[in-house]
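My questions will all concern the structure given below.
The values are calculated or read from the model by the stated rules, or taken from the named source; none is laboratory data. Nothing here was measured: the structure is a model prediction, and the numbers come from that model. Note: ideal-geometry Cβ built from the backbone for every residue, glycine included; neighbour counts use all protein chains shown.
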Amino acid sequence: MAISFEPAQSTIDAREFYHKMAVEQMRPISRKYDLEEHAFPQEWVDSYWKHGRSGPGGDWSGANDGFVRVCVQAEELCWGDAALYLRMPTAALGGSAVAAAGTQEQKQKFLAPFQGDGPPVWGAMAITEPQAGSDAAAIQATAELDGDEWVLNGNKIFCTSGESASQHEGGFVVVWATIDRKAGRAGIKSFVVPAGTPGMKLIGLEKKLGIRASDTATLLFEDCRIPRSNLLGSAEVKKHDPKRSGDKGFKGAMATFDASRPIVAAMAVGVGRASLDFVKEELARHGYEVRYMAPRTELRSIERDVLEMEAELHAARLLTWRAASMMTHGKPNSLEASMAKAKAGLAVTRITQKAVEILGPPAYSKKMMVEKWMRDAKINDIFEGTQQINQLIVARRILNYSSSMLR
Ligand SMILES: Cc1cc2nc3c(=O)[nH]c(=O)nc-3n(C[C@H](O)[C@H](O)[C@H](O)COP(=O)(O)OP(=O)(O)OC[C@H]3O[C@@H](n4cnc5c(N)ncnc54)[C@H](O)[C@@H]3O)c2cc1C
């Protein structure tokens, strides 16, 4: 069956809304928060909380072109500033996890503060550990059932929005932990730890190459007690058999990536487009017009570069919308989500580097934003599955190999 991945007219209108936000509210403070790493972008947080979140964004239900619209929003706002996009008060990856693996009750309970009139709130997801990143099955953090509570112990690193989500009341961190190390993947479940829960400690913040306005935290869990019902998908809990708790378990937790990878791909497209737009503006300022219809034999090298950048960007965007559109229509999209993420991660690193190359030394200095976009680009090739891991997933799916057959 053919799937149309043209966005709906309302989504095209939404793009204008978010583009305006990017131009008026993100770009003016973009350099400031890149330089002042770890400073809290109060004006942006307030503005998003008051105006941005009630904008025409898509929703997780998939209604009204929902998921494609989430991607269009991500592209526009990351065109503005990818780090500030990540710093927005939203449920973010934690929200995707709750949406993908949570019960109806859990969705209502944990996602309600993000729609309420209270102060800004954040969600985060903590999978990565010093010894477990790409290989999530190697997770060492543990969760033990003690009466009606889970007791979490372990160390989580590189948690995006980990500071905001763990410190601001109403927010939460979704923590992946094992309830049975011997069971491997089957033992891994995800747990919602509300902000301020005793035993969840903020240990530090990373100093990073790019997306410096985004908080990236190290969290320590020491005898951190949460209600039994905070195991995602816990409606199916069998009273005396915790191993059957949250039957969606590892698979449910992994399903989060089907939603999050297209979003990261869209973020990459946004940063890539920011660079490409700027290159074209600069060329035009110097009287250089890119001749899209010129015969191949007459193309100048710089025009060929721009056309290649443009083609990479369009290919990445189309793959992204396809993966998002499949999600909206309830179709399995793991293959397409990984394809989009791998393509867009590579495209944005190439495009931003090419932009710096074309524009010369000023583009390598802080005089221009392209040096920042080049630094911001690389993360899209790392988090939510690295380039290599996403390529591996694509290969497995196409060849019909299991993870043990192709590692
Ligand atoms: C800024 C930032 C924000 C992040 N935010 C979050 C977050 O919010 N939550 C979270 O849980 N994590 C987060 N991460 C962690 C990120 O998801 C991991 O760094 C990533 O999954 C890679 O895992 P790793 O660091 O353990 O590297 P490794 O898995 O050790 O990988 C190192 C290198 O080896 C390659 N590699 C690994 N296995 C294979 C294989 N089988 N075949 C081929 N190549 C392979 C990888 O591609 C990579 O190039 C973040 C990271 C950064 C830098």
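Just one of (1) at pLDDT 95 or above; (2) touching a helix residue (DSSP H, G or I) at 6+ places or on another chain (Cβ under 7 Å); (3) buried (at least 19 other Cβ atoms within 10 Å of the Cβ) trips up SER325, so point out which.
SER325 satisfies all of (1) at pLDDT 95 or above; (2) touching a helix residue (DSSP H, G or I) at 6+ places or on another chain (Cβ under 7 Å); (3) buried (at least 19 other Cβ atoms within 10 Å of the Cβ) except (1).
This table checks each residue for (1) modelled with pLDDT of 95 or more; (2) among the acidic types (Asp, Glu); (3) under 30 Å from TRP44 (Cβ atoms).
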residue	(1), (2), (3)
GLN104	no, no, no
LEU111	no, no, yes
GLN115	no, no, yes
THR128	yes, no, yes
THR142	yes, no, no
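Just checking, does segment 147-168 include any residue being closer than 18 Å to LYS107 by Cα and under 17 Å from the mean Cα position of the chain (by Cα)? Lay out the reasoning, then the answer.
Initial filter on segment 147-168 (closer than 18 Å to LYS107 by Cα): 165.
If we keep only those that are under 17 Å from the mean Cα position of the chain (by Cα) too, we end up with 165.
Looking through segment 147-168, at least one residue is closer than 18 Å to LYS107 by Cα and under 17 Å from the mean Cα position of the chain (by Cα).
With respect to LEU86, determine if the residue is within 14 Å of the ligand (Cβ to nearest atom) and over 15 Å from ASN230 (Cα atoms).
On the way: within 14 Å of the ligand (Cβ to nearest atom): yes; over 15 Å from ASN230 (Cα atoms): yes.
In short, yes.
Still on this structure, I have one more. Test MET374 against the criterion of being in the same structural domain as ARG273 (by TED's automatic domain parsing), touching a residue at least 60 places away in the same chain (Cβ under 8 Å), surrounded by fewer than 24 Cβ atoms within 10 Å (Cβ to Cβ) and over 23 Å from ALA100 (Cα atoms), and give yes or no. Talk me through it step by step, then tell me what you get.
Values: in the same structural domain as ARG273 (by TED's automatic domain parsing): yes; touching a residue at least 60 places away in the same chain (Cβ under 8 Å): yes; surrounded by fewer than 24 Cβ atoms within 10 Å (Cβ to Cβ): no; over 23 Å from ALA100 (Cα atoms): yes.
No.
Look at GLY199 and say whether it is at pLDDT 95 or above, within 13 Å of the ligand (Cβ to nearest atom), at positive phi and in the same structural domain as GLN140 (by TED's automatic domain parsing).
Working: at pLDDT 95 or above: yes; within 13 Å of the ligand (Cβ to nearest atom): no; at positive phi: yes; in the same structural domain as GLN140 (by TED's automatic domain parsing): yes.
When the stated conditions are applied, GLY199 does not pass them.
Please enumerate the residues belonging to segment 144-183 that are more than 27 Å from ALA83 (Cβ to Cβ), away from the ligand (no atom under 16 Å from the Cβ) and not β-branched (Val, Ile, Thr).
Scanning segment 144-183 gives GLU144, LEU145, ASP146, GLY147, ASP148, GLU149, TRP150, ASN153, ASP180, ARG181, LYS182, ALA183.
State whether one or more residues within segment 330-338 are within 16 Å of the ligand (Cβ to nearest atom) and surrounded by 19 or more Cβ atoms within 10 Å (Cβ to Cβ).
The answer is yes; a qualifying residue exists.
Let me ask you something else. Can you tell me how many residues in segment 199-225 are farther than 20 Å from VAL45 by Cα and hydroxyl-bearing (Ser, Thr, Tyr)?
Residues of segment 199-225 that are farther than 20 Å from VAL45 by Cα, as a first pass: 199-204, 206-209, 218-225.
Add one more test, that the residue is hydroxyl-bearing (Ser, Thr, Tyr), and what stays is 218.
Result for segment 199-225: 1.
Sticking with this structure for a sec: List every residue pair whose Cβ atoms lie under 6 Å apart, where the two residues are 6 or more positions apart in sequence or sit on different chains, the first residue falls within segment 101-116 and is farther than 15 Å from ILE226 by Cβ, and the second residue, located anywhere, is charged (D, E, K, R).
ALA101/LYS248
Here's another thing I want to ask about it. Spot the failing condition for ALA124; the list is (1) under 13 Å from VAL193 (Cα atoms); (2) away from the ligand (no atom under 13 Å from the Cβ); (3) in contact with a Ser or Thr (Cβ under 8 Å, 6 or more places away or on another chain), and only one is missed.
The one condition ALA124 does not meet is (2).
Right, ALA213: farther than 21 Å from GLY133 by Cβ, within 16 Å of the ligand (Cβ to nearest atom) and not assigned by TED's automatic domain parsing to the domain that holds ARG375 or not?
On the way: farther than 21 Å from GLY133 by Cβ: yes; within 16 Å of the ligand (Cβ to nearest atom): yes; not assigned by TED's automatic domain parsing to the domain that holds ARG375: yes.
So ALA213 fits the description; yes.
Would you point out which residue out of TRP321, TRP373 is within 16 Å of the ligand (Cβ to nearest atom), under 26 Å from ILE211 (Cβ atoms) and of a type outside the set (S, T, N, Q)? Break it down stepwise before answering.
Numbers: TRP321 fails: within 16 Å of the ligand (Cβ to nearest atom).
None of the others qualify; the one that does is TRP373.
Please go through (1) farther than 30 Å from MET254 by Cβ; (2) within 32 Å of the chain's Cα centre (by Cα) for SER301 and return the number of the only condition it doesn't satisfy.
If we test SER301 against (1) farther than 30 Å from MET254 by Cβ; (2) within 32 Å of the chain's Cα centre (by Cα), just (2) comes out false.
Being within 13 Å of the ligand (Cβ to nearest atom) and among the small types (Gly, Ala, Ser) is the filter here; which residues of segment 184-196 pass it? First the steps, then the outcome.
The first filter runs over segment 184-196 and keeps only residues within 13 Å of the ligand (Cβ to nearest atom), leaving 188, 190.
SER190 - this is the single residue of segment 184-196 that is within 13 Å of the ligand (Cβ to nearest atom) and among the small types (Gly, Ala, Ser).
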